[in-house]
Amino acid sequence: MFLEVSQAEYLDNYRIKLTFNNGDIKIVDLQNEFDGRVYEPLHRLDYFKKFKLKYNTIEWANGADYAPEYLYAIGV
């Protein structure tokens, strides 16, 4: 089974509650996960909050996203 994000809910600061297609729910804190130029706009909290579910993960308007497997691995 391929891991997919099926639901995403903004919590606070840089934390997002994610539900995966295997039924697991994890909270990811992405505050220290902005490596690379495409992630620079995410430092602004107002921009960070505007993610969407696209395909099988979360994505922002500029195309920044994270692999669902990565989100699952860093989630608690």
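Values for this structure:
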| read-out | value |
| --- | --- |
| Protein accessible area in the chain, 1.4 Å probe - carbon and sulfur % | 48 |
| Under-15-angstrom lysine pairs by C-alpha in the chain, whenever the two are 8 or more apart or on separate chains | 4 |
| Loop sites in the range 14-76: chymotrypsin sites (Phe, Trp or Tyr not before Pro), DSSP, at most 13 other Cβ within 10 Å | 55 |
| Separation of alpha-carbon centers, the range 51-71 and the range 9-35, rounded to whole Å | 11 |
| The chain, relative contact order [Cα under 8 Å, separation at least 6], % | 29 |
| Per residue, in Å², the accessible surface of the range 6-64 once ligands and nucleic acids are set aside, probe 1.4 Å | 63 |
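The values are calculated or read from the model by the stated rules, or taken from the named source; none is laboratory data. Just so it is clear, the structure is predicted and the values come from calculations on it, not from any experiment. In this analysis, Cβ positions are derived from the backbone assuming ideal geometry, glycine residues included, and neighbour counts consider all displayed protein chains. Just the protein is used for accessible areas: all its heavy atoms, side chains included, with ligands, DNA and RNA removed. Shrake-Rupley method; radii C 1.70, N 1.55, O 1.52, S 1.80 Å.
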